[in-house]
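Any read-out appearing in this document is the output of simple, stated calculations on the displayed coordinates, not a laboratory observation. Since we're looking at a predicted model, the values are computed, not measured. Every residue, glycine among them, receives a Cβ derived from its backbone with ideal geometry; neighbour counts consider all protein chains shown.
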Amino acid sequence: MTLQLAHLDHHFLTAHMVMHLLIMMVAAPLILFAARPTLVRWHPPIAACWLAGTLTVLLWHVPSVFELALQSRFWHQFELASFLVAGILFWWPIIQSHPSSRWSVPVYLFLATLPCDALSAFLVFCGHVVYRPYLSALSPLEDQALAGALMWVTVTFVYLIPALVLTARLLSERSRPSEVGVG
């Protein structure tokens, strides 16, 4: 499947988007879960993790940078590697969260949806093809809108569902009566 997706990557923006989403939202957290016991001592700043994930996504979607990755095998591999590293950094505070920072995780996830939502909305509604290499697709504007919608929905659900679950858990912990009683 990976080879088919890699081949379609150069023909359809939607396939390209699926590849990036799989790297950042499936592979990166799975790697962190697997490496969790060995990396407990490392605590990068939460803002740096958020910026790594957000800026990587935004940078690689600048049309000239995006097209560079499509035209060069080296830059395409570099792009994929940067998505993996940024994904690992992004998911780090979520998977390695400490009790003192529990409320920051839902806020972190909510704030992470905003730049992706803006980029996705731009791709869906801009009315012209942003990435010229995809002009040869059967319906490039529809492909672009589908890719943007896919990113929009996926990112929103993958970030906000855990944020809502964590918020509900934290709120239920606050509403429980204290275990320490009189008697």
Original post:
If you stretched the chain out fully between Phe110 and Arg41, how much longer would it get, using 0.36 nm times the residue separation minus the C-alpha to C-alpha distance?
Top reply: 22.3 nm
Original post:
Between Leu141 and Phe125, 0.36 nm times their residue separation minus their Cα-Cα distance comes to what?
Top reply: 4.8 nm
Original post:
Using 1/(1 + (r/R0)^6) with R0 = 30 angstrom and r between the beta carbons of Val62 and Val26, what's the FRET efficiency to the nearest 0.05?
Top reply: 0.75
**OP:** Apply the Karplus parameterisation 6.51 cos²θ - 1.76 cosθ + 1.60, with θ equal to phi minus 60°, to every residue of region 48-56 and state each ³J(HN,Hα) to the nearest whole Hz, in sequence, with x for glycine and proline.
**Re:** 5, 5, 5, 5, 4, x, 5, 5, 4
**OP:** Using only the alpha carbons of region 137-176, determine the length spanned along each of the three principal axes and report them from longest to shortest in whole angstroms.
**Re:** 57, 8, 6
**OP:** Just need the relative contact order of region 2-173 here, percent rounded to a whole number, with Cα pairs under 8 Å and 6+ apart.
**Re:** 31 percent
Original post:
Taking Rh as the Kirkwood radius, which is the inverse of the mean 1/r over Cα pairs, what is the Rg/Rh value for region 11-56?
Top reply: 1.09
Original post:
Ordered by residue, what ³J(HN,Hα) values in Hz, to whole numbers, does region 160-168 give under the Karplus form 6.51 cos²θ - 1.76 cosθ + 1.60, where θ = phi - 60° and Gly and Pro are x?
Top reply: 7, 4, x, 4, 5, 4, 5, 4, 4
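Quick one: pull the percentage of alpha-carbon pairs in region 2-173 with a separation above 20 Å. Write down the numbers at each step before the final one.
On the way: 7810 of 14706 pairs.
Value for region 2-173 (Cα pairs over 20 Å): 53 percent.
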**OP:** Starting with the fewest neighbours, write out Glu67, Glu173, Glu79, Glu142 ranked by other beta-carbon atoms found within 10 Å of each beta-carbon.
**Re:** Glu173, Glu142, Glu67, Glu79
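Quote the charge dipole size of region 2-173 about the Cα centre in Debye, to the nearest 20; the model charges only the Cβ of Lys and Arg (+1) and of Asp and Glu (-1). Don't jump to the answer; show the numbers that get you there.
Working: 6 positive and 7 negative charges, 104 e Å.
About 500 debye.
Where Lys and Arg each count +1 and Asp and Glu each count -1, what net charge lies around Thr167 among other residues with Cβ under 14 Å from its Cβ? Walk me through the numbers before you get to the answer.
Details: positive: Arg102, Arg169, Arg174; negative: Glu173.
Its environment carries a net charge of +2.
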